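Asks: Pasting a structure below so you can have a look.
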Amino acid sequence: MRTITLQELEDMLHGACIYGTGGGGSLTEALEVVRNMYAQGKKVELVSLDEVGDDWMVASPYYVGSVSPPAEEIVKRFAHLPVMPEEVPTLAYRALEKYLGKPIQAVMATELGGNTACAMETAASIGIPLVDADPAGRAVPDLAHTTFNVFGVSIAPFALSNRYGDTMIVTNVVDHSHAEMIARGFAIQCGNLAGVCDHPVDGKRLKQSVIKGTLTQAERVGRAMRLANEEGGDPIEAIVAAGGGQLLMKGIVREADWQDVKGFTEGNVLIDPLAGVDDQEPLALWYRNEHMTAKRGGKLLSIIPELITIVDGKTGMPILNPDCQPGMDVAVITFRAPAAWESDRGLSIFGPEYIGMPRHTYADVKGR
């Protein structure tokens with residue numbers, strides 16, 4: 001176990017948002033959360049997966065919703081209500097622990113991205129460790145997109161909360177897809193934002209079901225980016241090297257559009273190559289919260305579960321998908337998916353079929 005400094009935490013969040021593939025929550029808001037935590041004297045204790053006791057109870061607190069602004073009628077509905085002082089994932093954590101009737105001894109991020117700060121905040125506020133692992137290895141659009149689902153671990157019981165103090169316990173659910181429907185419906189009615197705490201699981205089962213070391217890997221990538229900027233290096237090269245990624249293109253955003261579709265933020269980004277540097281055709285990306293596909297000249301270059309991320313072309317700073325604007329200088333980087341997602345079961349849950357394409361598309365694109 002180690003106590004994480006604020007600088008290490010910020011590096012971790014920058015790396016997590018690079019792995020967030022354009023979704024997974026706002027980096028700006030995540031940094032504000034952890035800086036406020038540390039200003040209040042709170043600390044994050046990071047524990048490796050191997051250090052988690054087999055009899056520990058571990059759960060995952062996080063936000064569900066979309067970065068799209070809520071409908072005006074929903075804003076008006078809640079305008080007169082006071083806002084709870086705690087973050088909604090921590091409220092959900094407290095509700096779940098009360099329902100279970102026993103302590104939750106550690107928490108784990110549900111994905112990588114700005115949302116990772118939710119687990120950090122809950123861990124620091126409650127005074128319990130944060131596990132160096134997660135069940136996605138990236139950001140994902142749906143509650144069903146978790147390695148817990150790959151390995152047959154139930155999401156229930158789980159808790160939902162909003163910023164006004166409403167809480168709900170779901171004691172049983174048919175499957176992860178039904179849990180997604182319930183949680184997203186709750187979030188939409190609460191202004192596109194709700195807190196969740198789910199997958200209460202003992203340490204022994206946890207070790208069999210999640211991806212190890214993802215937070216320290218995110219920290220490596222974030223630190224590499226920061227040091228490259230501080231020392232006059234190339235942050236894009238630093239990110240690619242630290243993350244074992246591949247640079248698809250450096251270019252200028254020509255078009256960027258998005259809309260809210262049933263609680264998801266869906267959009268397209270078209271990027272022109274840099275003049276005189278890359279004579280290839282434009283790169284077209286499509287996302288549903290997170291980037292799903294990358295195409296050039298109609299040819300599919302990358303598809304989920306592989307990670308596709310857009311960063312600032314000069315600094316390497318991750319760009320949240322709705323913040324991507326025409327004229328931006330960007331770089332597009334891909335990272336290989338964690339092994340659990342490349343399994344047949346993993347691809348059936350979060351592979352090409354999720355976006356209406358045959359499962360073999362992934363192997364065809366990757367040549368394996």
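The values are calculated or read from the model by the stated rules, or taken from the named source; none is laboratory data. None of the values given here were measured: they were computed from a predicted structure. Please note: Cβ atoms are built from the backbone with ideal geometry, for glycine as well, and neighbour counts cover all protein chains shown.
Asks: Checking the structure you have, find out if any residue of the range 270-282 is part of a strand (DSSP E or B) and in contact with an Asp or Glu (Cβ under 6 Å, 6 or more places away or on another chain).
Replies: Scanning the range 270-282 turns up at least one residue that is part of a strand (DSSP E or B) and in contact with an Asp or Glu (Cβ under 6 Å, 6 or more places away or on another chain).
Asks: From the list 299, 204, which residue is of a type in the set (D, E, K, R) and either in contact with a Lys or Arg (Cβ under 9 Å, 6 or more places away or on another chain) or over 26 Å from residue 148 (Cβ atoms) (or both)? Spell out how you get there, then give the answer.
Replies: Details: 204 fails: either in contact with a Lys or Arg (Cβ under 9 Å, 6 or more places away or on another chain) or over 26 Å from residue 148 (Cβ atoms) (or both).
Answer to the selection: 299.
Asks: Go through the range 335-368 and report how many residues are hydroxyl-bearing (Ser, Thr, Tyr) and in contact with a His (Cβ under 9 Å, 6 or more places away or on another chain).
Replies: We begin by selecting, within the range 335-368, every residue hydroxyl-bearing (Ser, Thr, Tyr); these are 343, 348, 354, 361-362.
Filter once more, so that each one left must be in contact with a His (Cβ under 9 Å, 6 or more places away or on another chain): 354.
Of the residues in that region, 1 qualify.
Asks: Select from the range 287-307 the residues that are on the phi > 0 side of the Ramachandran plot and of a type in the set (Gly, Ala, Ser) and write down the one among them that is surrounded by the most Cβ atoms within 10 Å (Cβ to Cβ). Full working, then the answer.
Replies: Let us first name the residues in the range 287-307 that are on the phi > 0 side of the Ramachandran plot, namely 289, 297-298.
This time we only want the ones that are of a type in the set (Gly, Ala, Ser), so: 297-298.
On the way: 297: 10, 298: 7.
The qualifying residue surrounded by the most Cβ atoms within 10 Å (Cβ to Cβ) is 297.
Asks: Out of 96, 100, 81, report the one residue that is crowded, with 16+ Cβ neighbours inside 10 Å and in contact (Cβ under 8 Å) with a residue 40 or more places away in the chain. Quick ask: steps written out before the conclusion?
Replies: Numbers: 100 fails: crowded, with 16+ Cβ neighbours inside 10 Å; 81 fails: crowded, with 16+ Cβ neighbours inside 10 Å.
So the residue among 96, 100, 81 that is crowded, with 16+ Cβ neighbours inside 10 Å and in contact (Cβ under 8 Å) with a residue 40 or more places away in the chain is 96.
Asks: In this structure, does residue 191 turn out to be surrounded by fewer than 24 Cβ atoms within 10 Å (Cβ to Cβ), part of a loop (DSSP other than H, G, I, E, B), in the same structural domain as residue 86 (by TED's automatic domain parsing) and of a type outside the set (D, E, K, R)?
Replies: On the way: surrounded by fewer than 24 Cβ atoms within 10 Å (Cβ to Cβ): yes; part of a loop (DSSP other than H, G, I, E, B): yes; in the same structural domain as residue 86 (by TED's automatic domain parsing): yes; of a type outside the set (D, E, K, R): yes.
Answer is yes for this residue.
Asks: Can I ask one more? Name the single residue that is surrounded by the fewest Cβ atoms within 10 Å (Cβ to Cβ) among those in the range 162-180 being within 12 Å of residue 64 (Cβ to Cβ) and under 19 Å from the mean Cα position of the chain (by Cα). Give the derivation first.
Replies: Within the range 162-180, the subset within 12 Å of residue 64 (Cβ to Cβ) is 162, 179-180.
Among the residues that remain, those that are also under 19 Å from the mean Cα position of the chain (by Cα) are: 179-180.
Values: 179: 26, 180: 19.
For the range 162-180, the residue satisfying everything is 180.
Asks: Name the residue, out of 228, 194, 183, that is under 25 Å from residue 17 (Cβ atoms), among the hydrophobic types (A, V, I, L, M, F, W, C) and at pLDDT 95 or above. Steps first, please.
Replies: On the way: 194 fails: at pLDDT 95 or above; 183 fails: at pLDDT 95 or above.
On inspection, the qualifying residue turns out to be 228.
Asks: Quick test of your reading of the structure: residue 183 fulfils all but one of (1) surrounded by 20 or more Cβ atoms within 10 Å (Cβ to Cβ); (2) among the hydrophobic types (A, V, I, L, M, F, W, C); (3) under 18 Å from residue 205 (Cβ atoms). Name the failing condition by number.
Replies: (3) is the only condition that residue 183 fails.
Asks: Which residues, counting only those in the range 157-169, are out of contact with any His (no Cβ under 9 Å at 6 or more places or on another chain) and either modelled with pLDDT of 95 or more or part of a strand (DSSP E or B) (or both)? Walk me through how you get there before you give the answer.
Replies: Going residue by residue through the range 157-169, those that are out of contact with any His (no Cβ under 9 Å at 6 or more places or on another chain) are 157, 159-169.
Selection gives 157, 159, 160, 161, 167, 168, 169.
Asks: Residue 41 is checked against (1) on the phi > 0 side of the Ramachandran plot; (2) buried (at least 24 other Cβ atoms within 10 Å of the Cβ) and fails just one. What number does that condition carry?
Replies: For residue 41, the exception is condition (2).
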